[in-house]
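Worksheet for the structure shown next.
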Amino acid sequence: MTQLLDEIESCVPALRRYARALTRDADRADDLVQDCLERAIRKRSLFASPGTVRGWLFRILVNHWRNQARSQRRRGDHMALDEMLVEPSVPAAQHGRIALSEMSRAIDKLPTDQREVLLLVALEGVSYGEVATILDIPVGTVMSRLSRARATLRSLTGNGNEPRLRSVK
């Protein structure tokens, strides 16, 4: 059991990064990871030994995220009163910061299924096969969603006239 707990502990930073990318809120991400870890420890007897602990934890996290998103859609959006005040904006001084902000907004606009795949592959470096296992979808679907996500990001962040590398056969 201590080996399983050690493996779970080693996955916490990756879970936090992924949760933060999904929720875009550090507090909500920490709550999501905590719920994921609590469920994993409580249900540790359900862990299948041939699988990886990392994949199992990501699957728990994704399922819990999806359940929260469904529940929130039924309840509707709530905004704190102090968030409703409009503050003056200051334009960013650095081009890179603007580009990152633009990319962040574009990722937020992606459909949930595409964003989940993109973040697992790009942010966490998870293989297509492991993403398929985590999200319980075929590998071909992973590749398709990733391709559509990348194409959408290209169209949202550029004018499409930038030079692109061609593959020559």
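Being crowded, with 16+ Cβ neighbours inside 10 Å and of a type in the set (Lys, Arg) is the filter; apply it to the range 139-154 and report the residue that is nearest to Ser127 (Cα to Cα).
The selected residue is Arg145.
Would you mind finding the one in Arg24, Arg66, Arg28, Arg54 that is on the phi > 0 side of the Ramachandran plot, among the charged types (D, E, K, R) and outside the structural domain of Val121 (by TED's automatic domain parsing)?
Unique residue meeting the criteria: Arg24.
So in the range 36-53, with the set limited to residues that are under 22 Å from Ala132 (Cβ atoms) and either among the hydroxyl-bearing types (Ser, Thr, Tyr) or in contact (Cβ under 8 Å) with a residue 60 or more places away in the chain (or both), which one is surrounded by the most Cβ atoms within 10 Å (Cβ to Cβ)?
So, considering only residues that are under 22 Å from Ala132 (Cβ atoms) and either among the hydroxyl-bearing types (Ser, Thr, Tyr) or in contact (Cβ under 8 Å) with a residue 60 or more places away in the chain (or both), the one surrounded by the most Cβ atoms within 10 Å (Cβ to Cβ) is Thr52.
I'd like to verify a number: residues in the range 22-64 that are farther than 18 Å from Leu120 by Cα, polar (S, T, N, Q) and modelled with pLDDT of 90 or more, how many?
The qualifying residues number 1.
Identify all residues within the range 133-144 that are among the aliphatic types (A, V, I, L, M), over 19 Å from Cys36 (Cα atoms) and in a helix (DSSP H, G or I); write none if there are none.
Selection gives Val139, Val142, Met143.
Could you give me the residue pairs with C-beta distances under 8 Å whose first residue belongs to the range 6-22 and is among the hydroxyl-bearing types (Ser, Thr, Tyr), whose second residue is in a helix (DSSP H, G or I) and surrounded by fewer than 19 Cβ atoms within 10 Å (Cβ to Cβ) wherever it lies, and which are 6+ apart or on separate chains?
Partner pairs satisfying both residue conditions: Tyr18/Leu123.
Please work out which residue is surrounded by the most Cβ atoms within 10 Å (Cβ to Cβ), limiting yourself to the range 85-130 and to residues that are modelled with pLDDT of 85 or more and not in a helix (DSSP H, G or I).
Only one residue tops the list, namely Val126.
The values are calculated or read from the model by the stated rules, or taken from the named source; none is laboratory data. Quantities reported herein were computed from a predicted structural model and do not represent experimental measurements. Every residue, glycine among them, receives a Cβ derived from its backbone with ideal geometry; neighbour counts consider all protein chains shown.
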